[in-house]
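Beneath this line is the structure, given in structure tokens, with notes to follow.
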Amino acid sequence: MSAPAATSADRRRWAQYLADERAEGDVYRRLAATKQGEERVILEQLAVAEGRHEAHWLELLGGEPARLPKASLGTRALVWMAGRFGTIFVLALAQNAESRSPYDNEAFATPAMRADEKVHHEVVRGLAARGRRRLSGTFRAAVFGANDGLVSNLALILGIGAAGVSPQVVLFSGIAGLLAGALSMGAGEFVSVRSQRELLEATEPQSMGAVRLPDLDIDSNELALVYRARGLPEEVAEERAKHAIAEANAGRIVARSGVIDTHEVVGGAWRAAGSSFLFFASGAIIPVLPWILGLTGFAAIALALALVGIALMATGAAVGLLAGAPPLKRALRQLAIGYGAAAVTYVLGLAFGVTLG
């Protein structure tokens with residue numbers, strides 16, 4: 001079936017596609033310039049694919065338009081950020097952008113272009129996942145630390161303030177809560193990550209290098225039991241064992257393959273503890289700022305709520321962006337959780353204050 005006749009609106013849309021494809025190719029080229037090895041090659045190939053799409057729209061337009069529109073605001077923002085921010089953040093945004101292909105209902109796009117867009121989303125998602133794995137341990141500790149500091153200290157201050165104590169007591173309680181919470185978070189994160197790494201070391205499969213493979217009976221050997229214990233079916237385990245012994249008999253080293261580096265996902269204990277301590281402290285100081293500045297009463301509470309609300313939405317949006325999810329939804333969720341906890345302790349503080357009175 002032939003494509004429908006082009007209209008002036010079609011040509012304007014093609015020109016927009018052309019501008020966007022050029023900008024997207026620029027994003028991948030800028031990201032590739034910051035990487036090495038396989039990741040650089042993958043990003044360069046993505047840029048080449050965007051170039052093929054660009055050539056398609058140029059052909060339909062009959063050459064370079066006399067007046068090319070600007071790329072979409074989101075794509076231009078990605079180009080700007082690609083040269084200034086880390087690849088993890090930009091790839092997370094690119095993943096979100098690639099999930100919304102404009103070619104699904106575009107009559108003038110080729111089937112190959114539609115397929116390319118789907119593949120690009122998966123490729124970018126895979127690259128972003130690599131970065132998230134490298135970042136996950138420290139980032140998790142940092143986000144949890146900041147949010148715990150914001151919510152717990154705001155709840156503590158509002159609860160104590162509602163009980164009718166003096167501003168000096170509120171300030172002292174906030175500083176004490178900051179120090180106690182930061183130390184507790186740092187110590188807890190260190191123990192948690194260290195314990196998890198030790199558990200992984202005890203449970204993950206080991207290399208066959210320590211086994212005298214050539215001495216095993218190829219017809220009835222216990223190496224197959226090792227693979228069966230790892231979850232492989234009996235027939236597959238037998239074949240794997242025979243292959244391993246054949247490799248060893250040929251004098252080649254049998255390398256373990258297909259094992260995910262779970263230690264990389266968990267992260268380092270000291271890094272996680274340091275991130276948790278610092279970010280808890282940075283979050284916990286925010287609700288205390290109004291009292292540090294000398295404010296009291298309703299003015300201090302209102303400013304604390306505003307500052308913590310902004311911080312909660314910022315951390316929620318950052319998590320959403322890095323996860324490739326809508327940032328506004330995550331930001332509002334963080335805000336609701338934080339304000340909900342603060343409201344409960346404030347009501348309890350009021351009740352406690354009335355009882356004391």
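Rule-based calculations on the coordinates, nothing more; no lab input. Only a predicted model underlies this, so the values are computations on that prediction, with no experimental measurement involved. Here the Cβ positions follow ideal geometry from the backbone for every residue, glycine too, while neighbour counts run over all protein chains shown.
The ranking of Ser275, Ser8 from fewest to most other beta carbons within 10 Å of each one's beta carbon is Ser8, Ser275.
Take the Cβ-Cβ distance between Ala351 and Arg228 as r, set R0 to 41 Å, and report the resulting FRET efficiency rounded to the nearest 0.05. With a Förster radius of 41 Å, E is 0.10. Put in order of Cβ neighbour count within 10 Å, fewest first, the listed residues Glu21, Glu44, Glu235 become Glu235, Glu44, Glu21. Between Leu295 and Glu235, the modelled labels are 7.2 nm apart [label points 7 Å from Cα along Cα→Cβ].
The shape of the range 8-132 comes out prolate: with a ≥ b ≥ c from the C-alpha gyration tensor, a/c is at least 1.5 and a/b beats b/c.
At 25 °C and 0.890 mPa s, what whole-number value in µm²/s does Stokes-Einstein give for the translational diffusion of the range 40-194, with Rh from the Kirkwood sum over Cα pairs? Approximately 122 µm²/s, per Stokes-Einstein.
For the pair Arg130 and Asn105, the difference between a 0.36 nm per residue extended length and the Cα-Cα distance amounts to 5.9 nm.
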